[in-house]
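Student: Got a structure for you, written out below as structure tokens; questions coming shortly.
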Amino acid sequence: MAPRLRRRRHKKSPTVAPVVVIPPTVVTPLPLTLSKPGPSIDAHGFFSLDSNVPGLSQLILQKLNMKSYEEYKLVIDGGIPVSGFGFQCPQEMFQRMEDTFRFCAHCRALPSDLSDSKVLRHCKRCRNVYYCGPECQRSDWPVHRKVCQELRLVAVDRLMEWLVVTGDFVLPSGPWPWPAEVVQDWNTWFSMRELQIDATLNAILGSHAMTSLWASVGRPRPDPDDLKGSLRRLLTDVLSRPLTLGLGFRVLGIDVWKTGGSAVHVIGASHVETFLTRSGDYDELGYMFSGHLGLHVIMVGVDVSADFLHSTSSSPLEPGTIQLSGHRSLYHDFWEEQIETGKIAYPDMVVAFHPGFHASLNLMEAWLPTLLLLRDYKIPTLITVYSHQELTASLQILVKLDIHVIAYGANPFTSLKPEQVYSNPNKQPVYCSAYYIMFLGSSCPLDRDN
């Protein structure tokens, strides 16, 4: 039986408030305004849309033929098929999805707020941000001009991502022809896979799926270089998570060649990590560590997709294979129910992609038992964040919890696909897993026993 969490005698566990960072270093408490989401970061993000654009969450539900967030959640959880959205054809689907972005970026007016004589029109440069009239567009230009070019990429990627969803864009795969220690970032990874990637991109550009996609979206097809650039960004978005796990294995010194295989727990997992995830999506992690004796990736979180909830096997891993499984639970509950009872072995590493515990009091309260558990059991842990601001805020929270941070910085395997802030389209786009933090145990000398 694993030991219980040790009580700390040197001082009371600190009370940690969620924080956001105002550049460059000033940190202030984030006002608590939401009561609906609870510990679900998916729900928190959805309902927070209304704080900047009142009524936006209802507009999204309306355009997706949904009556409530719960109905929407059933689809992204895999509880009902995507056909549950009720679209009659691809053209309607793409139009409805685009309609969820239709509000004035300057005055925040929704289509229902406009008079009959007004209509929302997008910026002709980026085809992404909408305005209710020339006056709002002119007033917004000093802000929008800073991100217009990047948002043009977002608009293309948003459509091209459909090829990933349908499986028409098959990621390059196979053993690495270069030694793993040479591949330190995306530049070296793309150089290693160059011939394979070029063949893959040329094939998808000439495919029926690509032709059908741009025939359905009702806008001009970009030139081949733009489409290839988009596919490369999407490729990094899918592979960022497995390669970031590999980065964690390297820096934290995890032995992936030990007898019986290794286990990594991805905690706080949501539909982002699990919806439509395929068994081969983590193969690149295996190729990164040639000759490994089996890797088990277990997704744990209250928002794990229903399609991903496979039963976890206690049978030994086969050498060279990767198993994916999921559990819908808070991690500290999962620990008590699965690990302390001996049903599942201790993890070799724990990873949280964008835990967001700095963002609200609700999320911090949900994460606190897990953070203390990871600290007191000295579990090698890696977390990722979207921005330098989030990095600073998260580090401050971890320091207050006496957690021993051993490494942090820019992630060489960050996604290169820019992410638009849904309810604030002219905010600088962010990139998934742009920064990482790695920690192990406590920074308090009194806790470094034995």
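The values are calculated or read from the model by the stated rules, or taken from the named source; none is laboratory data. What you see is a predicted model; the values in this text were computed from it and never measured. When we count neighbours, we look across all protein chains shown, and the Cβ atoms used for this are built from the backbone with ideal geometry, even at glycine. Heavy atoms of the whole protein, side chains included, go into the accessibility calculation; ligands, DNA and RNA do not. Shrake-Rupley method; radii C 1.70, N 1.55, O 1.52, S 1.80 Å.
Student: Using a 1.4 angstrom probe with every protein chain in place, what is the largest-first accessible-area order of Val119, Val266?
Tutor: Details: Val119 75, Val266 0 Å².
Correct descending sequence by accessible area is Val119, Val266.
Student: Here's something else I'd like to know. Express in Å², to the nearest 10, the accessible area of Ser279 obtained by rolling a 1.4 Å probe over the protein heavy atoms while all chains stay in place.
Tutor: Accessible area, nearest 10 Å²: 90 Å².
Student: Further, regarding this structure: Name the residue from Pro111, Gln196, Ser212 whose Cα lies farthest towards the positive end of the charge dipole of the stretch 100-223, charges +1 on Cβ of Lys and Arg and -1 on Cβ of Asp and Glu.
Tutor: Pro111
Student: Another question, then. If I model a spin label at Glu135 and Gln396 as a point 7 Å from the Cα along the Cα→Cβ vector, what separation in nanometres do I get?
Tutor: Result for the modelled spin labels: 4.0 nm.
Student: Could you work out how much longer the chain between Ser173 and Asn187 gets when fully extended? Use 0.36 nm per residue separation minus the Cα distance between them, nm to one decimal.
Tutor: On the way: separation 14, 0.36 × 14 = 5.04 nm, distance 1.69 nm.
The span from Ser173 to Asn187 would gain 3.4 nm if fully extended.
Student: Could you give the length gained on full extension between Ser112 and Asp223, defined as 0.36 nm per residue of separation minus the Cα-Cα distance, in nm?
Tutor: 36.4 nm
Student: Could you tell me which residue out of Met288, Ser325, Gly260 lies farthest along the dipole of the stretch 240-442 toward its positive end? Charges go on the beta carbon: Lys and Arg +1, Asp and Glu -1, centred on the Cα centre.
Tutor: Met288
Student: On a 1.4 Å probe surface of the protein chains, which of Met93, Met299 comes out largest in accessible area, and what is the full order?
Tutor: Output order, biggest surface exposure first: Met93, Met299.
Student: Go through Phe308, Phe87 and list them by solvent-accessible area, largest first, probe radius 1.4 Å.
Tutor: Result of the area sort, largest leading: Phe87, Phe308.
Student: Okay, moving on. Is there a quick way to get the dipole size of the stretch 231-273? I mean about its Cα centre, with the Cβ of Lys and Arg at +1 and of Asp and Glu at -1; what is the value in debye to the nearest 20?
Tutor: Dipole size: approximately 140 debye.
Student: Relative contact order of the stretch 90-176, please, whole-number percent, based on alpha carbon pairs below 8 angstrom and at least 6 residues apart.
Tutor: For the stretch 90-176, the relative contact order is 22 percent.
Student: Tell me which aspartates and glutamates have Cα within less than 15 Å of Lys417's Cα, excluding those fewer than 8 residues away on the same chain?
Tutor: Cα-Cα hits under 15 Å: Glu150, Asp157, Glu161, Asp226, Asp237.
Student: Can you spot the aspartates and glutamates whose alpha carbon is less than 14 Å from Lys258's alpha carbon? Ignore those fewer than 8 places along the same chain.
Tutor: The reachable aspartates and glutamates, counting only those whose Cα sits under 14 Å from Lys258, are Glu318, Asp348.
Student: Accessible surface of Thr341 in the full protein assembly, 1.4 angstrom probe, to the nearest 10 Å²?
Tutor: Approximately 80 Å² of Thr341 is accessible to the 1.4 Å probe.
Student: For the residue pair Ala180 and Lys378, what label-to-label distance in nm results when each label sits 7 Å from Cα along the Cα-to-beta-carbon direction?
Tutor: Going from the Ala180 label point to the Lys378 one covers 2.4 nm.
Student: Considering just Cα atoms, how many Å³ per residue does the convex hull of the stretch 240-442 enclose?
Tutor: 119 Å³
Student: For a quick check of understanding: with a 1.4 angstrom probe and all protein chains in place, what accessible area in square angstrom does Arg241 have, to the nearest ten?
Tutor: Around 50 Å² of this residue is reachable by solvent.
Student: What distance in nm separates the two pseudo spin-label positions at Gln149 and Leu195, each 7 Å out from Cα along the beta-carbon direction?
Tutor: Each label point is offset 7 Å from its Cα along the Cβ direction, giving 3.4 nm.
Student: Let me ask another. Give, in nm to one decimal, the length gained when the segment between Lys124 and Val251 is fully stretched (0.36 nm per residue of separation minus the Cα-Cα distance).
Tutor: Result for the pair: 41.2 nm of gain on full extension.
Student: Give, rounded to the nearest 20 debye, the magnitude of the charge dipole that the stretch 95-153 has about its Cα centre when Lys and Arg contribute +1 at Cβ and Asp and Glu contribute -1 at Cβ.
Tutor: 280 debye
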